[in-house]
Structure formats: C-alpha cells, structure tokens
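Contents: one structure, followed by commentary.
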Amino acid sequence: MISRDEPGVLYRLSEVIYRHGANISYVATSGVGETQLELEGAPDADALVAELEALDPVTSVLRVPSFQQIFGKRVIVIGGGAQVGMVAQGAISEADRHNIRGERISVDTIALVGEEQLAAAVRAVSRLHRARVLVLAGALMGGDITVAAREIREAGIIVLCTSMAGSLVDAVDVVVSDPLEAGVMAVMLIADTAKFSIDKVRGKRF
C-alpha cells in the first residue's frame with residue numbers, strides 16, 4: 001500500500017480494517033509512505049480493499065501473497081567462522097528437500113563475534129517475523145548469550161547450538177556436534193512434512 005507519509009495514516013488504515021472484522025498479523029512501514037499489512041479473517045476482502053483505496057491519504061493498494069505463503073518459517077543461524085556456513089549448508093539442503101514437497105522454509109544467517117553483539121542478535125530473533133528456530137554456531141559462547149538464549153526459548157523459539165565450550169550448551173534445547181547436522185535438524189524440527197518433534201530430543205546432545 002502506498003500513501004502519504006504523514007501522522008495518522010496508520011490509525012485510519014487500522015480503523016477501516018477493524019470495521020471489516022479483519023486481524024492484522026503483520027505490519028511494516030517505510031519512510032516513503034509504503035505500508036505492508038498482512039491481514040486475516042476479513043469476511044469481504046474486496047470491500048475492505050475498496051474502502052482502503054478510498055481513503056484520502058492512500059495512493060494505491062496492491063494485494064500480494066503473504067510472507068508466510070512465500071518464504072514461510074525462518075531458520076536463523078548466528079555465530080562466527082566456518083561453522084555458520086556449515087550449519088547454513090545443512091539447513092538449506094534440508095529445506096530444499098521439504099520445500100519441493102510443499103513446505104516453505106527459508107534460512108537466514110549472520111556472522112558475528114563478541115558477547116554483546118551475539119546476545120543482542122539472539123534477543124532480536126524473538127522479534128523477527130516468522131522466525132521459528134535459532135542455531136548458534138561457534139567455539140565458545142556463554143554469559144549474556146546464555147541468558148538471551150533462555151529468554152527467547154521462553155518466547156517460543158527453538159534453540160540449537162553446536163558443541164562448544166561455555167555455558168550456552170546448558171541453556172539450549174538441543175546440542176549437535178556436527179554443524180551440518182545441526183542445520184538439518186533445525187529444519188526437521190519445524191517442517192510439517194517431517195515426523196520429528198522437539199519434545200523427543202529436547203535436552204539431548206548428538
């Protein structure tokens with residue numbers, strides 16, 4: 001949706017959406033008047049779009065498939081060195097196997113070092129749209145990273161890590177020695193097309 005970039009626009013959009021009985025499941029805006037909304041539950045989507053287009057600040061409304069339909073669930077891989085690449089390789093290969101059977105799983109990576117930077121990135125995962133599982137890859141992690149891992153597990157994110165020194169290994173759902181296998185397992189844990197449950201492996205080391 002393109003509109004004028006001015007105060008009150010988001011309020012007017014949400015007011016129309018509320019009147020049509022729809023729920024906003026995701027919203028993102030940019031500084032150029034672009035607003036992305038994912039809506040669900042609208043009894044008459046055509047009437048809703050027509051009323052949004054009729055709003056004075058709105059220039060255009062484009063209906064597109066949701067991010068969930070296109071990119072699906074997200075696997076997030078964070079850490080340093082070659083292990084991040086190996087985890088990503090395993091996750092991408094396994095995601096491809098499930099995606100050709102109708103799944104939608106995407107893989108995001110970022111290479112970081114330092115306790116402060118890693119802890120901040122871990123906490124941010126719980127705020128990422130569609131994030132379902134986090135893999136932490138490295139040789140040594142602990143301290144505030146461990147605290148952050150416990151926090152996002154409480155938020156519903158599954159957390160895996162590679163076998164490493166430090167306290168992190170005691171705070172995650174699963175520890176996997178082989179980084180390639182860690183990526184594979186991360187995808188299997190969130191794929192609807194895999195018969196694999198976190199309840200069967202939580203607290204274990206492989």
Can you tell me which residue within the range 36-57, out of those that are assigned to a strand (DSSP E or B) and among the aliphatic types (A, V, I, L, M), is nearest to V9 (Cα to Cα)? L37
Any helices (runs of 4 or more DSSP H) falling wholly within the range 133-206 and containing at least 3 residues that are in contact with a Gly (Cβ under 7 Å, 6 or more places away or on another chain) and not small (G, A, S): 179-190
Pick from the range 58-77 the residues that are in a strand (DSSP E or B) and under 20 Å from S126 (Cα atoms): which of them is farthest from the chain's Cα centre (by Cα)? V77
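To keep it simple, each residue is scored yes or no on (1) among the aromatic types (F, W, Y); (2) touching a Pro at 6+ places or on another chain (Cβ under 9 Å); (3) closer than 22 Å to S25 by Cα.
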position	(1), (2), (3)
G80	no, no, no
Q89	no, yes, no
D96	no, no, no
E103	no, no, yes
I110	no, no, no
L118	no, no, no
H129	no, no, yes
I152	no, no, yes
Regarding I198, is this residue within 24 Å of G80 (Cα to Cα), β-branched (V, I, T) and modelled with pLDDT under 95? no
What number of residues within the range 109-123 are of a type outside the set (A, V, I, L, M, F, W, C), touching a residue at least 24 places away in the same chain (Cβ under 8 Å) and either surrounded by fewer than 16 Cβ atoms within 10 Å (Cβ to Cβ) or farther than 13 Å from L134 by Cα (or both)? 2
Output the residues belonging to the range 64-84 that are buried (at least 20 other Cβ atoms within 10 Å of the Cβ) and among the polar types (S, T, N, Q). Q83
Select from the range 78-124 the residues that are part of a helix (DSSP H, G or I) and polar (S, T, N, Q) and write down the one among them that is nearest to V175 (Cα to Cα). Q83
Determine, yes or no, whether I100 is within 18 Å of G183 (Cβ to Cβ), among the aliphatic types (A, V, I, L, M) and without any contact (Cβ under 8 Å) to a residue 24 or more places away in the chain. yes
Within the range 1-31, residues touching a strand residue (DSSP E or B) at 6+ places or on another chain (Cβ under 8 Å), among the aliphatic types (A, V, I, L, M), over 12 Å from V58 (Cα atoms) and outside any strand (DSSP E or B) come out as I17, A22
Please indicate, with yes or no, whether at least one residue in the range 147-159 is surrounded by fewer than 20 Cβ atoms within 10 Å (Cβ to Cβ) and at positive phi. yes
Got at least one residue in the range 91-104 being at pLDDT 90 or above, closer than 30 Å to S3 by Cα, of a type outside the set (G, A, S) and surrounded by 17 or more Cβ atoms within 10 Å (Cβ to Cβ)? no
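The values are calculated or read from the model by the stated rules, or taken from the named source; none is laboratory data. Predicted model only: the values in this text are computed from it and were never measured. Reconstructed Cβ throughout: ideal geometry from the backbone, glycine too, with neighbour counts over all protein chains shown.
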